[in-house]
Structure formats: C-alpha cells, structure tokens
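**Q** Sharing a structure below in structure tokens format, with a few things to ask.
The values are calculated or read from the model by the stated rules, or taken from the named source; none is laboratory data. Everything numeric in this text was worked out from a predicted model, so none of it was measured. Cβ coordinates were reconstructed from backbone atoms using ideal geometry, including for glycine residues, and neighbour counts include every protein chain displayed.
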Amino acid sequence: MRGIRELALSALVAVVGVPVAASGVAVADPGVLVYPGMEIHQANERCTLGYVDTQSRVAYTAGHCRGNGQVTDKDGRFIGTMGSFRDNTPDGATIATDHQISDWETITLAGDVMVNNILPGGRMLVTDPVVTAQPGQRVCHFGVVTGETCGSVASVNNGWFTMANGVVSQKGDSGGPVYTIAPDDRAVLVGVFNSTWGHFPVAVSWNSADQQMNEDVMHVASG
C-alpha cells in the first residue's frame, strides 16, 4: 500500500512558488533537518509538523495548515510541497460527537533535506496500527508554541478525540503530534492536533487519517 501511496502523492504535489535550480529542479537548502514537532510555514499559516515517514519521505500536519503549495521551515528554507489534504474542521466551539472530523495534509519532502522521526525532547515517534486513542489514556502533545504538554484522552468520537487534565495549546500548535508513551519509551502517534473547542483540546485520530489517505490514494490510482 505504501508504494501505491508514494506514487499517488508524488502525482499530487503542487509546484507553485517552489524554489528551483538552473536545471528547473526544485531544491532545498542542504542540511535542513525535517522532524516531527518542528515549526513549518505555508503562506501565512504557522503550524507544527506532526509526523515524518522517513522511508517514503512524506511528512504530515493538519489540513487547515495548508497554504499555496510551498512548505518552509521557520527560517523560510524550502523543505517540500503540499500533497493531498482533507479539512472539514467546523466553525464554532461545539460539534456533535457523531460528526466525522477530517483534518490532515501530506507534504512531499524535497530530495535534499535530511529527515528523522525524533521529537524535540529526544523520543522516537513511531506509528502502530494497534495503538489508538482510548478514554482515560495518558497522552502528550507537542506544539511549537506550548512545547510538550501531557494529560489524558477525555472522549473518543468519530475520527477525533478530546483531551483534558493538562494538555494545552495555542495558535501555531496545530498539526503537532499527539502520542502515548510505550513501555520502551518510544512515543506512539495516536493523533494530529486540530484545535481547542471550548475547554477541550482536540486531535484527529491518526488511524482514521491514515485510512482516509489510503482511500484517496486508491481513488487517484484508479483514475
């Protein structure tokens, strides 16, 4: 499935405003490191990178963070281009719990950036399809504004979940990883941060987002 996804994501890459070399090939500044929890910019949007797949060289953030196609780091250095996205984040502070929320974006990384899956605090961030957000589960969120804050899952809904008891956020934290700590001290991704509704921080479920990405890839691959 990853092979198909990589081909389709490559086909979806936007090239508007991407820096190019004399040969016409998009380039990034040599030595730029892309990692989960870093600050990224798209047009006027400042957000947090949620996850980096180091094998496919695709990164993920919130769909509402999307811009005009070009993605840069906090210093304006080009790191990649927007691929696919979904974003039906509702306006307002309340939403029915059975309403499905989708809010993710893929970023196809430039060939000359360095990549890793290490959070700013030093933990490796991994995915595991059997690990999903559960009520009462201890989780942490990393955002470029608030840093790492931890609490617990309050409720699990239709593709999204709320958090409480210590998880906080501010503008700029959108797209950041939400994870639970495994016994081996790795951070296992369970969500991508969306927003705060009322008093509750909200994240979209990583497993739901991953399923939607696969559906979109299959749709593109089938023509």
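**Q** Which of the residues that make up segment 163-188 are closer than 16 Å to R138 by Cβ and surrounded by fewer than 24 Cβ atoms within 10 Å (Cβ to Cβ)? Break it down stepwise before answering.
**A** Here is the first cut: in segment 163-188, the residues closer than 16 Å to R138 by Cβ are 163-168, 177-188.
If the condition is that a residue be closer than 16 Å to R138 by Cβ and surrounded by fewer than 24 Cβ atoms within 10 Å (Cβ to Cβ), then A164, N165, G166, V168, T180, I181, A182, P183, D184, D185, R186, V188 are the ones that fit.
**Q** For segment 106-133, what are the residues that are within 17 Å of V192 (Cβ to Cβ), surrounded by fewer than 17 Cβ atoms within 10 Å (Cβ to Cβ) and among the polar types (S, T, N, Q)?
**A** The answer is T127, and nothing else.
**Q** Say whether the condition of being out of contact with any strand residue (DSSP E or B) (no Cβ under 8 Å at 6 or more places or on another chain) and either within 23 Å of M38 (Cβ to Cβ) or not hydrophobic (A, V, I, L, M, F, W, C) (or both) is met by at least one residue in segment 172-179.
**A** no
**Q** When segment 73-86 is examined, which residues are found to be surrounded by 17 or more Cβ atoms within 10 Å (Cβ to Cβ) and closer than 16 Å to D173 by Cα?
**A** D73 - this is the single residue of segment 73-86 that is surrounded by 17 or more Cβ atoms within 10 Å (Cβ to Cβ) and closer than 16 Å to D173 by Cα.
**Q** All but one of (1) farther than 15 Å from M213 by Cβ; (2) out of contact with any Pro (no Cβ under 9 Å at 6 or more places or on another chain); (3) of a type in the set (G, A, S); (4) not assigned by TED's automatic domain parsing to the domain that holds F200 hold for G83; state the number of the condition that does not hold.
**A** Going through (1) farther than 15 Å from M213 by Cβ; (2) out of contact with any Pro (no Cβ under 9 Å at 6 or more places or on another chain); (3) of a type in the set (G, A, S); (4) not assigned by TED's automatic domain parsing to the domain that holds F200 one by one, G83 breaks only (1).
**Q** Shifting gears a bit: Taking segment 53-65 as the region of interest, how many residues are surrounded by fewer than 24 Cβ atoms within 10 Å (Cβ to Cβ) and not small (G, A, S)?
**A** Start the filter on segment 53-65 by keeping residues that are surrounded by fewer than 24 Cβ atoms within 10 Å (Cβ to Cβ), which leaves 53-58, 64.
Now restrict to residues that are not small (G, A, S): 53-55, 57-58, 64.
Selection size over segment 53-65: 6.
**Q** Which residues, counting only those in segment 146-160, are crowded, with 16+ Cβ neighbours inside 10 Å, touching a Ser or Thr at 6+ places or on another chain (Cβ under 9 Å) and more than 18 Å from Y60 (Cα to Cα)?
**A** T146, T149, V153, A154, V156, N157
**Q** Give the residues of segment 193-208 that are touching an Asp or Glu at 6+ places or on another chain (Cβ under 8 Å) and under 18 Å from V131 (Cβ atoms), sorted by residue number.
**A** F193, V204
**Q** Out of V130, V139, V115, V126, report the one residue that is under 17 Å from V71 (Cα atoms) and of a type in the set (V, I, T). Don't jump to the end; show me each part of the working.
**A** Working: V130 fails: under 17 Å from V71 (Cα atoms); V139 fails: under 17 Å from V71 (Cα atoms); V126 fails: under 17 Å from V71 (Cα atoms).
None of the other options fit; the residue is V115.
**Q** What strands (runs of 3 or more DSSP E) completely inside segment 67-163 contain at least 1 residues that are within 20 Å of A187 (Cβ to Cβ)? Lay out the reasoning, then the answer.
**A** Working: elements: 70-73, 78-87, 103-109, 138-143, 147-156.
By residue number, 103-109, 138-143, 147-156.
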